[in-house]
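To keep things clear, I will list the structure first and then write my remarks on it.
The values are calculated or read from the model by the stated rules, or taken from the named source; none is laboratory data. Model, not experiment: these values are computed from the prediction. Cβ: placed from backbone, ideal geometry, glycine included. Neighbour counts: every protein chain shown. For the accessible areas, the whole protein counts, side chains as well, though only heavy atoms, and no ligand, DNA or RNA atoms are used. Shrake-Rupley method; radii C 1.70, N 1.55, O 1.52, S 1.80 Å.
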Amino acid sequence: DILLKDGQGGPGKPWLTVILDDYSRAVAGYTLFFGSPSAIQTALALRQAIWRKDRPGWQVCGIPEVLYSDRGSDFTSRHLERVAADLKIRLINSTVGRPRGRGKIERFFESVAQVLLPRLPGYAPARTSPEARLTLGDLAAELEPFLVDRYHHERHVTTGCTPHERWASGAFLPRMPESLEQLDLLLLTVPKTRRVHRDGIRFS
């Protein structure tokens with residue numbers, strides 16, 4: 001619920017895709033963008049979730065064993081299915097009316113909507129149209145400190161500790177890809193359809 005300058009001379013509402021660690025409730029990665037969700041935007045969020053962060057204090061990383069999601073087209077794409085197979089991630093899409101883990105992610109979005117957005121220019125709850133003053137980059141610059149410095153250090157009512165504490169107490173070694181280049185190749189390369197013909201294999 002915020003209006004931003006969309007870079008094309010008008011206001012627009014951004015979209016936020018988040019990868020949340022099920023155990024700790026810590027945010028592992030996110031992507032902030034204009035337009036409709038897509039497999040590439042989801043792959044960008046997953047890239048940040050998996051790789052080590054440059055920001056001090058944000059230790060959450062690693063290839064997840066399981067990725068729970070809703071049945072949006074960005075999560076049910078062939079691209080993401082292939083990524084999950086290559087990284088040995090079990091991809092589980094929620095059944096209609098029974099969204100696995102929906103309450104956990106909704107609690108995070110409530111924190112963003114109730115704590116972060118109301119103090120920013122352009123905050124636009126229902127039936128309001130304020131002036132768009134911030135850019136997508138401006139919002140990103142506000143969002144990341146909110147995640148790492150505030151949300152990760154607030155005690156969670158269900159777990160009884162902060163996301164940062166719960167992640168740090170997990171005592172496990174994250175499963176990591178061999179390199180960032182390998183990860184990019186898997187996540188950000190759109191696979192081509194292969195068709196076998198009598199005279200060879202063709203890509204389209």
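ILE92 falls short on exactly one of the conditions (1) modelled with pLDDT under 90; (2) part of a helix (DSSP H, G or I); (3) among the β-branched types (Val, Ile, Thr), and that condition is (2). Of all residues in the stretch 151-166, those being surrounded by 13 or more Cβ atoms within 10 Å (Cβ to Cβ) and within 22 Å of the chain's Cα centre (by Cα) number 10. Selection of the stretch 1-57 for residues being touching a strand residue (DSSP E or B) at 6+ places or on another chain (Cβ under 8 Å), part of a loop (DSSP other than H, G, I, E, B) and of a type in the set (Ser, Thr, Tyr) yields only SER36.
Evaluated against (1) at pLDDT 90 or above; (2) within 29 Å of HIS164 (Cα to Cα); (3) open to solvent by 30 Å² or more (accessible area, probe 1.4 Å), PRO130 falls short on exactly one condition, (2).
Here the stretch 169-187 is the region considered, the condition is being small (Gly, Ala, Ser) and open to solvent by less than 80 Å² (accessible area, probe 1.4 Å), and the residue that is nearest to TYR23 (Cα to Cα) is GLY170. Yes or no: the stretch 105-118 includes at least one residue that is of a type in the set (Lys, Arg) and within 16 Å of the chain's Cα centre (by Cα). There is at least one residue in the stretch 105-118 that is of a type in the set (Lys, Arg) and within 16 Å of the chain's Cα centre (by Cα). Of all the listed residues (ILE2, ILE89), the sole one being crowded, with 18+ Cβ neighbours inside 10 Å and farther than 19 Å from LEU136 by Cβ is ILE89.
Within the stretch 39-67, the residues that satisfy the criterion of being basic (Lys, Arg) and either out of contact with any Cys (no Cβ under 7 Å at 6 or more places or on another chain) or crowded, with 17+ Cβ neighbours inside 10 Å (or both) are ARG47, ARG55.
Pairs linking a residue in the stretch 98-114 that is within 13 Å of LEU20 (Cβ to Cβ) and at pLDDT 90 or above to a residue that is in a helix (DSSP H, G or I) and open to solvent by less than 90 Å² (accessible area, probe 1.4 Å), with Cβ atoms under 7 Å and 6 or more positions apart or on different chains, are SER111/TYR151. Taken over the stretch 20-32, residues that are touching a residue at least 40 places away in the same chain (Cβ under 8 Å) and open to solvent by 10 Å² or more (accessible area, probe 1.4 Å) amount to 7. Go through (1) of a type in the set (A, V, I, L, M, F, W, C); (2) in contact with a Lys or Arg (Cβ under 7 Å, 6 or more places away or on another chain); (3) farther than 24 Å from GLY62 by Cα; (4) without any contact (Cβ under 8 Å) to a residue 24 or more places away in the chain and name the single condition CYS161 misses. Condition not satisfied by CYS161: (3).
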